[in-house]
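Report on the structure given below.
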Ligand code: ADP
Ligand code: MG
């Protein structure tokens, strides 16, 4: 359970990235965060992953204030959260197997984590995690030999290997072509559904948010504009969320394959 009350984040320099956010997310919910660039989506995900300390309000993760924990407990909590990004932060020279096994580094005792960096200890587990993504054959390849789409599937395999109860994904499909983007979004949702895990993902592709996620939160200028089941959102809600957004920060400006600068609304009739 994640709960935020009157939560704010002001970065150094005084800019308020989150401004009085009230939110609670129950275990097993699958939530999409949408909103223009600069709305606060990344900041919100970093707060929920206990990677960024809020400057105001209350945060509770499973009933605990993460910032009241000691350093070791806080590290343990972060290790139980699965994260995904637009481009996976995988060292290029790392082998695929090491990247996948890193999913459990936070759960293993130190000796095992260190040993695993030297010699992969769970080859079968890594192979099984990669199999659904047609990457089992690439187990011992270096990550810099893979395409962006394959790398993102390695990041998914790592997540599936980790089996975290909370997955925070920041623009996990923004760098992928539309077909691959949908398949990655579907895979994330299917995995969360199957395991009863909580999934929270920020997305530029509005139609993916509406078609794949059960709950959609619209953020703008650090505030929640709407927080509703996808089925209860219409074109007008989406257009209002993105109204007046200049070209440079509109969602599709980040996606070279996109036909226009406006959010795609095809699934939003
Ligand atoms: P989004 O992910 O929705 O694009 P962010 O959470 O990245 O939004 O940013 C929210 C606001 O906070 C923006 O105005 C952004 O410029 C500002 N911001 C983000 N990160 C920092 C930072 N490290 N230092 C100062 N300002 C930041
Ligand atoms: Mg962001």
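The figures follow:
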| read-out | value |
| --- | --- |
| Qualifying positions in segment 174-203 - in contact (Cβ under 8 Å) with a residue 60 or more places away in the chain, at negative phi and either within 16 Å of ligand 2 (Cβ to nearest atom) or out of contact with any helix residue (DSSP H, G or I) (no Cβ under 8 Å at 6 or more places or on another chain) (or both) | 174, 175, 178, 192, 193, 200, 201, 202, 203 |
| Verdict on residue 73 being more than 16 Å from ligand 2 (Cβ to nearest atom) and modelled with pLDDT under 90 | no |
| Candidates 127, 46, 80 - the one that is within 16 Å of ligand 2 (Cβ to nearest atom) and either surrounded by 14 or more Cβ atoms within 10 Å (Cβ to Cβ) or within 22 Å of the chain's Cα centre (by Cα) (or both) | 46 |
| Matching residues in segment 49-68 - criterion: being over 30 Å from residue 194 (Cβ atoms) and surrounded by fewer than 19 Cβ atoms within 10 Å (Cβ to Cβ) | 53, 55, 56, 57, 58, 65, 67, 68 |
| Count of residues meeting criterion [more than 18 Å from the chain's Cα centre (by Cα), assigned to a strand (DSSP E or B) and either away from ligand 1 (no atom under 16 Å from the Cβ) or surrounded by fewer than 17 Cβ atoms within 10 Å (Cβ to Cβ) (or both)] in segment 2-35 | 5 |
| Test: residue in segment 40-47 that is touching a helix residue (DSSP H, G or I) at 6+ places or on another chain (Cβ under 6 Å), within 7 Å of ligand 1 (Cβ to nearest atom) and either within 19 Å of residue 212 (Cα to Cα) or at pLDDT 95 or above (or both) | no |
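Here's the yes/no breakdown for (1) in a strand (DSSP E or B); (2) within 30 Å of residue 21 (Cα to Cα); (3) in contact (Cβ under 8 Å) with a residue 40 or more places away in the chain:
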| position | (1), (2), (3) |
| --- | --- |
| 74 | no, yes, no |
| 78 | no, yes, no |
| 83 | yes, yes, yes |
| 88 | no, yes, yes |
| 100 | no, no, yes |
| 103 | no, no, yes |
| 111 | no, no, no |
| 115 | no, no, no |
| 132 | no, no, yes |
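Here's the yes/no breakdown for (1) out of contact with any strand residue (DSSP E or B) (no Cβ under 7 Å at 6 or more places or on another chain); (2) closer than 21 Å to residue 85 by Cα; (3) within 16 Å of ligand 2 (Cβ to nearest atom):
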{"site": "14", "(1), (2), (3)": "yes, no, no"}
{"site": "21", "(1), (2), (3)": "no, no, yes"}
{"site": "24", "(1), (2), (3)": "no, no, no"}
{"site": "28", "(1), (2), (3)": "no, yes, no"}
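The values are calculated or read from the model by the stated rules, or taken from the named source; none is laboratory data. All values derive from a computational prediction rather than experimental measurement. When we count neighbours, we look across all protein chains shown, and the Cβ atoms used for this are built from the backbone with ideal geometry, even at glycine.
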